[in-house]
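The values are calculated or read from the model by the stated rules, or taken from the named source; none is laboratory data. If you're wondering where the values come from, they're calculated on a predicted model, not measured in any experiment. Please note: Cβ atoms are built from the backbone with ideal geometry, for glycine as well, and neighbour counts cover all protein chains shown.
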Amino acid sequence: MKTSLTSLDGLDLLSSAVIILDDESRVTYANAAAENLLESSFKTLASRKLEELFLNGDGLAEIFREAVEHRFADKRLDLTLERIGREPLQVHVIVTALDNRDMPVLIELRENVQQLKLDREERLLDQSQANKELIRNLAHEIKNPLGGIRGAAQLLEFELPERQLKELREYTQVIIKEADRLQTLVDRLLAPHRRPHIVGDVNIHEVCERVRSLIVAEFPNGLAIKRDYDLSVPEFRGDKEQLIQAVLNITHNAAQALSERIGTGDALLTFQTRVARQVTLAKVRYRLALDLHIIDNGPGIPPEIQDRIFYPLVSGRDGGSGLGLTLAQTFVQQHMGVIECESRPGYTDFRILIPLP
């Protein structure tokens, strides 16, 4: 059977990447999904050998030879394909031997979403652990000299002659107030590691309703809060106050990001609860997990900080401390869970996953 390139146009409708090779392993066809996945146009890919597309393409070259020799009809495997100056591709590969002399091998590449998710969670946990160590060390290093600075300013103010007190007290007060502000910041950084984990039965809808009442009190006009609850979500063991704080931090950030829409009266926040099944968190498989979404219709998180929003002191708005999401992630991770985020203009979704009994 001989296949013309024009008869392959339908492959452009597929979401998976398809590459067809000639008998010398050169690309003769790549669909639109392949161009997107490999971040190269067909014009760039055409006539290049398969093994030239990736730094570790020798393994694919060997599989190609087996396909040409018809040692199998099709072969499936998961691979990490490395590229110069780009992120490695985690893909599920299907290699099919075709009964066609001009185009003997078809390769289908599908991004391995599960592997990507596991890698992302592992990076998040490593980052979180590094953040904790950094925060603890930094906070302790700041805390000690702060007390000395504040005490010295108070002593200086006390020792100032009466004639200079009015003139210079303004400056000593600046030092004292800024030292107090930094002390408060340090206390917030250390708070999750100081406070004991108080475990009890938690109803996630009670947590959401508590947060909702706090947000409504602060933003009484122009902000609608939609509740989309699955009442079958069971109670679980956890620290209710920590979870209230985590959800409140996320929701309060969202409400502040909605300031323009609140002004026009069309701001919307949504609390959505579901039960997720067969969820892997930190390489552990759970049969059931709480799947809580906090969604807003705000401007979205700036793309340049989306990968860093859970880092300490990273904020997307002027005047933000950059601690709210860091603390939220810490509290959720203490419940063996994780917070994920998807954001684009008009839609931001913070997803909290926590194992259920």
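Brief remarks follow.
- In segment 230-244, the residues that are surrounded by 15 or more Cβ atoms within 10 Å (Cβ to Cβ) and farther than 14 Å from Gly200 by Cβ: Val233
- For segment 215-227, a residue qualifies if it is buried (at least 16 other Cβ atoms within 10 Å of the Cβ) and aliphatic (A, V, I, L, M), and the qualifying residues are Ile215, Leu223, Ile225.
- Restricting segment 85-138 to residues that are at pLDDT below 80 and either assigned to a loop (DSSP other than H, G, I, E, B) or hydroxyl-bearing (Ser, Thr, Tyr) (or both), the residue that is farthest from Gln333 (Cα to Cα): Gly85
- Residues within segment 33-77 that are assigned to a helix (DSSP H, G or I) and either outside the structural domain of Asp99 (by TED's automatic domain parsing) or of a type in the set (S, T, N, Q) (or both), tallied: 2
- Close contacts from segment 16-32, counting a first residue that is not assigned by TED's automatic domain parsing to the domain that holds Ala97 and modelled with pLDDT of 90 or more and a second that is surrounded by 19 or more Cβ atoms within 10 Å (Cβ to Cβ) and polar (S, T, N, Q), with Cβ to Cβ under 8 Å and a gap of 6+ residues or different chains, come to none at all.
- Output for segment 245-261, where each listed residue is surrounded by fewer than 18 Cβ atoms within 10 Å (Cβ to Cβ) and more than 18 Å from Thr326 (Cα to Cα): Ser259, Glu260
- Checked against (1) closer than 21 Å to Pro234 by Cα; (2) at pLDDT below 85; (3) surrounded by 12 or more Cβ atoms within 10 Å (Cβ to Cβ), Leu156 passes all but condition (1).
- Residue within segment 324-334 that is assigned to a strand (DSSP E or B) and either at pLDDT 90 or above or touching a strand residue (DSSP E or B) at 6+ places or on another chain (Cβ under 7 Å) (or both) present: no
- In segment 338-354, the residues that are closer than 18 Å to Phe236 by Cα reach residues that are among the small types (Gly, Ala, Ser) with C-beta atoms within less than 6 angstrom, at least six apart or across chains, in these pairs: Leu353/Ala289; Leu353/Gly337; Ile354/Gly337.
- Condition met for Thr270 (surrounded by fewer than 17 Cβ atoms within 10 Å (Cβ to Cβ), part of a strand (DSSP E or B) and out of contact with any strand residue (DSSP E or B) (no Cβ under 7 Å at 6 or more places or on another chain)): no
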